[in-house]
1. Can you tell me the Rg and Dmax of segment 14-115, counting just the alpha carbons, in angstroms?
2. Which whole-number value in Å³ per residue fits the convex hull of the alpha carbons of segment 1-74?
3. Return the sequence-ordered ³J(HN,Hα) values of segment 137-154 in whole Hz as given by the Karplus equation 6.51 cos²θ - 1.76 cosθ + 1.60 applied to θ = phi - 60°, using x for Gly and Pro.
4. List the residues of segment 97-133 whose backbone N lies under 16 Å from a point placed 7 Å from the Cα of His88 along the Cα-to-Cβ direction.
5. Out of every Cα pair in segment 88-162, what percent are spaced more than 17 Å from each other?
6. Summing -39500 (n - 2.57) over the DSSP H runs of n ≥ 4 in the chain and dividing by its residue number, what mean residue ellipticity at 222 nm do you reach, to the nearest 500 deg cm²/dmol?
7. Over segment 56-166, with the other protein chains present, what is the accessible area per residue in square angstrom, probe 1.4 angstrom?
8. How large is Rg over Rh for the chain, taking Rg from the Cα atoms and Rh as the Kirkwood inverse mean of 1/r across Cα pairs?
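The values are calculated or read from the model by the stated rules, or taken from the named source; none is laboratory data. Remember, it's a predicted structure, so these values are computed and weren't measured experimentally. Here the Cβ positions follow ideal geometry from the backbone for every residue, glycine too, while neighbour counts run over all protein chains shown. Heavy atoms of the whole protein, side chains included, go into the accessibility calculation; ligands, DNA and RNA do not. Shrake-Rupley method; radii C 1.70, N 1.55, O 1.52, S 1.80 Å.
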Amino acid sequence: MITLLELEPFLDTKRTELLAAIRTFGAHEQALTEYEGGWNVANIVEHLIIIEQKVIEEVDRLFAIAPVRPSEPLEAKDVDITELFRSHGLLGGRKQAPPETVPTGLLPLEDGLTVLGHVRQELKGFIPLLFQRETNSIVSVHPLGVELNVCQWVLFSAFHEWAHIHQLKRIRQRHSA
């Protein structure tokens, strides 16, 4: 179970894993996809940027409208989304990306990686607030239909990235040997 103390290291671990998965593709392999019409490496990075920006906007919106209250005890903060997503059948399997999150295909990979680094730093800027403020009652419904609090929204970014790490590994496997 991921706690608030583990949130930032988890975000960092998933980003390290993502970058390692991307590095397995040489310059001549960056157009590879999992299936005909699928996303390539740069498309995946662009999609991750779009999603993380949407998470940042949502967390910012939620903090702006919620009353400022002192934090609940650290051990009482709901952070982990594993069981929530599992119980709703949202772990594993492919999801259809909402149209507004589909990559344009116009962002070069290197530019995308730079932007991805910037948006992650912006997302991590919320972590001090997650410690300082009440978070369990600051909620909204995710497009997948589950209610997430602000801590869980931040964690979702890493879970979403994790799914695309697996996608990159499937692309690599499909085109190996």
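1. Rg, Dmax (Cα atoms, Å): 17.4, 53.
2. 125 Å³
3. Working through the residues one at a time gives 8, 9, 10, 7, 8, 6, x, 7, x, 10, 7, 10, 8, 4, 5, 5, 4, 5 Hz.
4. Zone members listed by number: 97-98.
5. Taking all Cα-Cα pairs of segment 88-162, the fraction more than 17 Å apart is 59 percent.
6. Result for the chain: -18500 deg cm²/dmol, rounded to the nearest 500.
7. 53 Å²
8. On the way: Rg = 16.7 Å, Rh = 17.0 Å.
Here Rg/Rh amounts to 0.98.
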